[in-house]
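Take a look at the structure set out below.
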Amino acid sequence: MQCFSSIQASVDIATGIAVMKTPRRPDTYRETFLVLGRSGIIPEDLAKEMSRLAGFRNILVHEYSALDLQKVYRILQEDYTFMIAFMSIVKDFVKKNNRAV
């Protein structure tokens, strides 16, 4: 499922940035984005939305039999803008840090 892959890639990238640039090591996927937000690497409102998507990723992986298909559809239709915003910030981050995450 592409939705899962996109969220997982964002989590992986966020984890790499958190380990590289923050003193706090996140304990969960959801917390990873919040750490980036608190550190000023991404806006805090985006951090909250990405954290929510990381939680949704956990549902996709662990509770797929109880998926709310209307919620999945809404996320696919509406929440992709948060992923695009995150990708843009990561692109700028990599340029500024002159190395891959």
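The values are calculated or read from the model by the stated rules, or taken from the named source; none is laboratory data. All values reported here derive from a predicted model rather than from experimental measurement. All Cβ positions, glycine included, derive from the backbone under ideal geometry; neighbour counts span all protein chains shown.
Out of the residues in the range 58-87 that are under 18 Å from residue 18 (Cβ atoms) and at pLDDT 80 or above, which is surrounded by the most Cβ atoms within 10 Å (Cβ to Cβ)?
Per the stated criteria, the residue is 86.
Answer yes if at least one residue in the range 1-16 is at pLDDT below 95, touching an Asp or Glu at 6+ places or on another chain (Cβ under 8 Å), surrounded by 14 or more Cβ atoms within 10 Å (Cβ to Cβ) and of a type in the set (Ser, Thr, Tyr), and no otherwise.
Checking the range 1-16: not a single residue is at pLDDT below 95, touching an Asp or Glu at 6+ places or on another chain (Cβ under 8 Å), surrounded by 14 or more Cβ atoms within 10 Å (Cβ to Cβ) and of a type in the set (Ser, Thr, Tyr).
Please go through the range 17-36 and pick out each residue that is under 16 Å from residue 88 (Cα atoms) and more than 11 Å from the chain's Cα centre (by Cα).
Selection gives 17 alone.
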